[in-house]
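Read through the structure below, which is laid out as structure tokens, and then see the notes.
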């Protein structure tokens, strides 16, 4: 017993912890992102794989080098940089040159994430901001979508989003579901994205409130604009699903309270509709989410829940 | 049928080592009385008791060896018959140092003359309070608040409802569970006597529904008693928390900074009620209690232990601990206090002694990723994320505004945090700082007032 | 009606004076450390700009144009604004001491807030009538307030995070503002 | 007053504005034109010089009139003086450099509310003799010019691949359009400020070391 007593540690309670870790969560997100990536590689071939690898490597390496250089604890192994890398790659067309994901990755990790203090401290989603920067800077590269390997005619390589606002009947729901159409490499296959998103929600990683309110709001907006057919296809097309499931649910950059999360989702949906329907850019997903990211501290501030037994102060 | 409402948040930790509940089936065994008992004088919240025996005195079992040291205090009784060996300072499991009376057991177990209540069914409130106070009964769930004080509501407050806590305060612990299985009749009897005395018409026994056998036993015991019902509750830590229990059963929220009596309720642990029943019917003071010896013990079990027994004896009775043990905990794994002195005595508030393995070592803290799990799991609906940031930033005013003083330190947030942040620990510190500041502010205000008074008096005199 | 909607969305989101046009950066960076201060400044600016838009339009159309003194626009406008700020300050002090206490400290700073002058000049350049000018001024000010509050919210949050030391203060605020500006770019072409 | 304890020289005042209290990087004044016009190096230089012109003359006149203007109406008076010079340079540019005036747009008119000018008038020119005030105006103005020229050079380099209109980046370089837009301005200035702060800190550290050795 003497020996045992020597080994004993004194620590403050609680003494047991749940097995979920940051790393586990990030790994699960990567797993959930995998189907969409595989679909991208199937449709766009080796180019897609190349871009995904470059993007992930850039992100992890940037994080590692920065932390080594600044003499910080290296957390590059927590897989969060991998998630960012994957998301950046998924938001790039397969025909993009190699330096696009490199610039995006460095920007995302260095400027958006590490400068503000690393994981958990950034207020904007790194992948989204990087995508927006790439999109604004090199619109011609980021906006020219290659045809998939299984498309019969190269004519329809225009993104379905552009076609939808002209005439929804040009695009079939089936095409959108399986993803056999032009677009950035990770957003085309709706089935793969839904699969990953549902997995995240079931595993309790992502909060269902954001994607559900996001998709519903967007759906209702488009329903009012152009009927059921348009609404359904708008939801399936473009980056909406990728954004709703994987980017709008990023913990760090979204409100923490329950009503705040509904506001976040609904705001994203509404802005997405406004941008897609009326603004310059054909795709509003990243801007919509980014704007709501910026709004997050304010939403958090005004939706602070009442705590148990809190007595409203008078005066 | 009334549907219980789950309090917000909460967690569902595994119920024992490797997720296995090991102690449920172990009947309560009596731990043989040790050769010496070390009975601390401060086993409760409030002023320590004052010794009334001296070295060399012969004492009987159940004899008062220390008197209550104030209103919020409780007397202490000898748990064995024997001779007082010394009165010295000892360290308790919770790390506090206190005076303790060491008694050498003569193994005769001679009780003092016991005075059971003569007319238990018609006790007045004052009589019941005095019996409870005399028996040295304190909250046995671990809070150790003197029960007599709890049963003396402030003027203007009326007890409408008794709530019995059979929810087992923490995972791993099974003491209450076994007590409900083995002494249901006594518990119901005690509750009935309390209701009669206070004229309370309604009592609810809340039991988590993973203890089906206990629910059945208690239901059977209260079948013929009017006004008492058993309420099965969802399994969710901290169901045994006072405010959570009241909310689940009555849907009333105890206001922040308030007491259960503010919503007309008094919550008692089943163990406490059993002790009250023993005091009324048998006249026996609180000298022993059921303790769960759990975790990595070779033969874990539930023991009836004399107050003042050293932890060492309990561990030995369990056949020692397994080699991988890294931590001993007094209480449950979520709120219990770690200690490293196996010679510390077991007190009235010791609900369990747990041996935990390497899982008790705190993993390294990572940065918060704002996942919001802590907020979803907080049973008090607080915002641990924001509170923690503010405490670490020494921004205590903001932390206080966020309700940090309502934190019940249940540990749910720390348990679920994927970044393994020490949230509860940080709040504990923050609360201490804020409490100290409040005290200081109060003192200053008091001083100023006194000075003002003096000045006024002086001015008054001059005027004369 | 549609003109007003255009002005509303335009001034607040699409052509937000701070986020899309680089006006009023000094108070934007200087008064955004705390949310409550930002709110006070925002309200004060909203008040002044709305009133200033009204008066500068009058000055332009009933004073400068009839006298063919348009080249003195800058001079005339800045004088109007300076006087206005002074009057508002005195009026507030007399009429509503509580409001004065809340907004008083920001008022002198508003004279050199270029949003006020820029809005006044742009109202004339865009050929708005009196009502439109006033409305546009109000919306522009709300846009300014919005961006100020957004930045303040973010900065307050960042205060508690582990941002490196050399990022704290203006460099960090500038980069945050940059990210915000990216978000605002999405509204391009909305009207 | 602190100013009198240490004798101010023309040169010292000039350098103070240029380096020590650089309006852009230290005082954080005049941010709007700093960000608004710096998409090309040429714009930066012209804006800087225009501001310097106003700054020097307003400082001179305010300093000359500093004992005449009653304290109560000093702010309106300063504004009138500043606005007059702004109107002058605006009309001059419209006459002789209409293209440049079109590029710089409202920002020229807005020099009047540029806080550098107002701040210098209030905190320096109103308390010091004309010669020193001119030195201060020159120093501050040139410090401002140099800062915004630097900023605009960086932005032009990445945003258009050129400096002062001359292409310097290889032909394969794809210009980063965002640098010419609002976000690019904010982020570039933020990053430059980090670099300059780091250099300053290093210089200060070296200064301390040298003092220690001496």
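The values are calculated or read from the model by the stated rules, or taken from the named source; none is laboratory data. These figures come from a predicted structure and were not determined experimentally. Neighbour counts are summed over all protein chains in view; Cβ atoms, including those assigned to glycine, are modelled from backbone coordinates with ideal geometry.
Worth a mention:
- Any chance residue D:160 is closer than 20 Å to residue D:28 by Cα, crowded, with 20+ Cβ neighbours inside 10 Å and out of contact with any helix residue (DSSP H, G or I) (no Cβ under 6 Å at 6 or more places or on another chain): no
- Residue C:85 meets all of the listed conditions (1) within 14 Å of chain D (Cβ to nearest Cβ); (2) more than 17 Å from the chain's Cα centre (by Cα) but one, namely (2).
- Residues of segment B:71-120 classified as on the phi < 0 side of the Ramachandran plot, surrounded by fewer than 19 Cβ atoms within 10 Å (Cβ to Cβ) and assigned to a loop (DSSP other than H, G, I, E, B), total: 15
- Of the numbered criteria (1) within 11 Å of another protein chain (Cβ to nearest Cβ); (2) assigned to a helix (DSSP H, G or I); (3) touching a residue at least 40 places away in the same chain (Cβ under 8 Å), the one residue C:154 fails is (3).
- The set of residues in segment C:113-166 that are closer than 30 Å to residue A:252 by Cα, under 9 Å from the mean Cα position of the chain (by Cα) and surrounded by 21 or more Cβ atoms within 10 Å (Cβ to Cβ) comprises C:143, C:144, C:145.
- From A:9, A:38, residue being out of contact with any helix residue (DSSP H, G or I) (no Cβ under 6 Å at 6 or more places or on another chain), more than 22 Å from residue A:133 (Cβ to Cβ) and not in a loop (DSSP other than H, G, I, E, B): A:38
- Scanning segment B:28-46 for residues that are surrounded by 16 or more Cβ atoms within 10 Å (Cβ to Cβ) and either within 20 Å of the chain's Cα centre (by Cα) or part of a strand (DSSP E or B) (or both) returns B:28, B:36, B:37, B:38, B:39, B:40, B:41, B:42, B:43, B:44, B:45, B:46.
- Some residue of segment C:125-132 being closer than 23 Å to residue D:90 by Cα, assigned to a helix (DSSP H, G or I) and either touching a helix residue (DSSP H, G or I) at 6+ places or on another chain (Cβ under 9 Å) or more than 14 Å from chain D (Cβ to nearest Cβ) (or both): yes
- Look at (1) more than 14 Å from every other protein chain (Cβ to nearest Cβ); (2) surrounded by 21 or more Cβ atoms within 10 Å (Cβ to Cβ); (3) farther than 20 Å from residue D:22 by Cβ and you find that residue D:132 fails only one, number (3).
- Test set (1) under 20 Å from residue C:75 (Cα atoms); (2) assigned to a helix (DSSP H, G or I) - residue D:100 fails condition number: (1)
- Going through (1) in contact with a helix residue (DSSP H, G or I) (Cβ under 8 Å, 6 or more places away or on another chain); (2) farther than 30 Å from residue B:285 by Cβ; (3) buried (at least 19 other Cβ atoms within 10 Å of the Cβ) one by one, residue B:344 falls short only on (2).
- Applying the criterion of at least 1 residues that are more than 8 Å from chain A (Cβ to nearest Cβ) to the strands (runs of 3 or more DSSP E) found wholly in segment B:327-373 leaves B:327-330, B:352-356.
- Residues that are within 7 Å of chain C (Cβ to nearest Cβ), assigned to a helix (DSSP H, G or I) and over 19 Å from the mean Cα position of the chain (by Cα), drawn from segment A:264-296: A:274, A:278
- Hey, residue C:50 more than 9 Å from chain D (Cβ to nearest Cβ), assigned to a helix (DSSP H, G or I) and more than 17 Å from the chain's Cα centre (by Cα) or not: no
- Extreme residue, farthest from residue C:23 (Cα to Cα), among residues of segment C:62-80 that are in contact (Cβ under 8 Å) with a residue 40 or more places away in the chain and more than 17 Å from the chain's Cα centre (by Cα): C:73
- Of the helices (runs of 4 or more DSSP H) lying entirely inside segment A:62-149, those containing at least 2 residues that are at pLDDT 90 or above, away from every other protein chain (no Cβ under 11 Å) and under 16 Å from residue A:252 (Cα atoms) are A:80-90.
- The residues listed here are D:108, D:178, D:117, D:148; of these, the one that is free of Cβ contacts under 8 Å to residues at least 40 places away in the same chain and either within 14 Å of chain C (Cβ to nearest Cβ) or part of a helix (DSSP H, G or I) (or both) is D:178.
- Flag for residue C:120 being more than 10 Å from chain A (Cβ to nearest Cβ) and either part of a helix (DSSP H, G or I) or under 23 Å from residue D:188 (Cα atoms) (or both): yes
- Scope segment B:414-432; condition in a helix (DSSP H, G or I), in contact (Cβ under 8 Å) with a residue 40 or more places away in the chain and more than 9 Å from chain A (Cβ to nearest Cβ); matching residues: B:423, B:427, B:430
- Residues that are over 23 Å from residue A:275 (Cα atoms) and within 7 Å of another protein chain (Cβ to nearest Cβ) within segment C:173-191 comprise C:174, C:175, listed in sequence order.
- Selection status of residue C:32, within 14 Å of chain D (Cβ to nearest Cβ) and farther than 18 Å from residue C:78 by Cα: yes
- Qualifying residue in segment B:387-402 (condition: at the interface with another protein chain (Cβ under 7 Å from one of its Cβ atoms), out of contact with any strand residue (DSSP E or B) (no Cβ under 7 Å at 6 or more places or on another chain), crowded, with 23+ Cβ neighbours inside 10 Å and assigned to a loop (DSSP other than H, G, I, E, B)): no
- Counted residues, segment D:51-74 - those being in a helix (DSSP H, G or I) and modelled with pLDDT under 90: 4
- Residue in segment B:293-301 that is part of a loop (DSSP other than H, G, I, E, B), within 14 Å of another protein chain (Cβ to nearest Cβ) and over 30 Å from residue B:120 (Cα atoms) present: yes
To keep it simple, each residue is scored yes or no on (1) more than 14 Å from chain B (Cβ to nearest Cβ); (2) touching a strand residue (DSSP E or B) at 6+ places or on another chain (Cβ under 6 Å); (3) surrounded by fewer than 15 Cβ atoms within 10 Å (Cβ to Cβ).
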position: A:7; (1), (2), (3): no, no, yes
position: A:17; (1), (2), (3): no, no, no
position: A:25; (1), (2), (3): no, no, no
position: A:31; (1), (2), (3): yes, no, yes
position: A:36; (1), (2), (3): yes, no, no
position: A:43; (1), (2), (3): yes, no, no
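- Restricting segment B:376-386 to residues that are in a helix (DSSP H, G or I) and without any contact (Cβ under 8 Å) to a residue 24 or more places away in the chain, the residue that is nearest to the other protein chains (Cβ to nearest Cβ) is B:385.
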